[in-house]
Amino acid sequence: METLKNIVIAGLGGQGVLTASDMLAEAAFRAGFDVKKSELHGMSQRGGSVSSDVRYGTHVLSPMVPAGEADVLLVLDSTQVEINRAVLKPGGVLIAPELIAPGTLKNKKSLNVALLGAVSSVLDIPRAHWMAAIYANLAEKLHKINDQAFELGREAASRGSLAQPQ
C-alpha cells in the first residue's frame, strides 16, 4: 500500500518555518522515506507569510501539497490559521501555537521545534530520526533547549490538545 503524508508548515518570516520544514524533511529522509519539499517565501524578510510543503512516503512525485490534502497543518502564528486552513483534508490535524502554553518555552525561538514535537506524535517517524534532524539543523549550543522544546510539544500533544478542524 502506498504511504504518502502531506504536511504544510505556515507562519511569518523569521519564525523558523523553513528551518522546521528542513528538520521535518530530514527526519523523514532518515526514516527511509522518499521526501519532497517546496517553499513559498512571500515577504518573509519583513514578517510576511511563509509556508512550506513537505511530502513523504514510499514514492513522492510532486513537492506541492494539493488544497484539501494536508494530513497536518502546522501553524507558527495564529494569524496564519484561517489563511491556510483550506489545505487541510477532512479529519486532518491542525497544530497551532496555542498548543504550547505561554511561558513554558525557555526560548521563544524554539516554538517551531516544540510544535514539531507535537507533529511527531501523529507521524510515523521514530523519535531518534527527529532528534538527529534537529541536531543536524541547529547549532550545538541550542541542542539541549530544543530537546526540551521538542518534548514539551510531544507532551502537549499527548494531552489530547490537537485540533481536528471541521
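The values are calculated or read from the model by the stated rules, or taken from the named source; none is laboratory data. Keep in mind it's a predicted model, so treat the numbers as computed, not measured. Note that each Cβ is placed from the backbone with ideal geometry, even for glycine, and that neighbours are counted across all protein chains shown.
Those helices (runs of 4 or more DSSP H) of the range 91-166 in which 2 or more residues are touching a Pro at 6+ places or on another chain (Cβ under 8 Å) occupy 111-120.
So, ARG85, is that one surrounded by fewer than 22 Cβ atoms within 10 Å (Cβ to Cβ), among the charged types (D, E, K, R), touching a residue at least 60 places away in the same chain (Cβ under 8 Å) and assigned to a helix (DSSP H, G or I) or not?
Values: surrounded by fewer than 22 Cβ atoms within 10 Å (Cβ to Cβ): yes; among the charged types (D, E, K, R): yes; touching a residue at least 60 places away in the same chain (Cβ under 8 Å): yes; assigned to a helix (DSSP H, G or I): yes.
The answer is yes for ARG85.
Among strands (runs of 3 or more DSSP E) entirely within the range 1-80, having at least 2 residues that are modelled with pLDDT of 95 or more and hydroxyl-bearing (Ser, Thr, Tyr) singles out 49-57.
Right, VAL119: touching a strand residue (DSSP E or B) at 6+ places or on another chain (Cβ under 9 Å) and crowded, with 19+ Cβ neighbours inside 10 Å or not? Here the answer is yes, as VAL119 does meet what is asked.
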